[in-house]
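The values are calculated or read from the model by the stated rules, or taken from the named source; none is laboratory data. Predicted model, so just to flag it, every value in this text is computed and none were measured. A quick note on method: Cβ atoms are made from the backbone with ideal geometry, for glycine too, and the neighbour counts reach across all protein chains shown. To get the accessible areas, we keep the full protein, side chains included, count just its heavy atoms, and leave off ligands, DNA and RNA. Shrake-Rupley method; radii C 1.70, N 1.55, O 1.52, S 1.80 Å.
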Amino acid sequence: MKPLLQALSAAAVMLFATTASADPFTYVSTDTPLAVPLAGTSGTPPSSPLVCPAGSLADLHVTVDITPTFTGDLDIFLKHVDTGTEVLLFDQHGGAGNDIGATFDDEAATAISLGAPPYAGSFRPDNPLSAFDGESTAGTWTLRIVDNFGGDSGTLHSWSIHGDARATTVPEPACMALLVIGAAGVLVRRRRRS
């Protein structure tokens, strides 16, 4: 009886264990270019939203193409609207530099704070994107850019999120039926012995 229960328990663990495979994804903004900031005022331009299908984030990267007058004026944030998680990618670096064509990646060799304008290539963001790990890709994502000083302007030409998402598999109904039949058999056998 004990070996049968152990076998059923092992089968249940195997059936209900989720398998994860990393599937690459890319979602690109479709409403750019946008002024940064609006009409040369300081503040936050309208968010540029991405609506993405489901998957569980394993690794996230953000690519931006921005030509501000002064990179040192800008804060750049990525937000998953549905979960409320927000990460500061860029915090007023580069002084009078005027180009950010970069990918923010936690695994990049150089931190954005140690880079210099024009920013090109991959950089670690000011705060890690791993804050999104395990969250669903589904929902609305926004890139928020704050120009902390008025009197000048710039353009967000494009932005995207990309990386790897885990797809979770669910056991087939036939496997579930076998597990239920096996458990029922154990219960019937117990009752007969009682």
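Quick rundown of the values:
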| item | result |
| --- | --- |
| ALA165 long-range amide H proximity, modeled H, under 5 Å | ASP23, PHE25, ALA58 |
| GLN92 long-range amide H proximity, modeled H, under 5 Å | LEU74, ASP75, ILE76 |
| Solvent-accessible area per residue for region 53-171 (1.4 angstrom probe, square angstrom) | 39 |
| Extension gain from THR85 to ALA109, taking 0.36 nm per residue of separation minus the Cα-Cα distance | 6.2 nm |
| Whole-percent carbon and sulfur share, accessible surface of region 99-142, 1.4 Å | 51 |
| Sparse-neighbourhood loop sites, chymotrypsin sites (Phe, Trp or Tyr not before Pro) in region 62-98 - DSSP loop, at most 10 other Cβ within 10 angstrom | none |
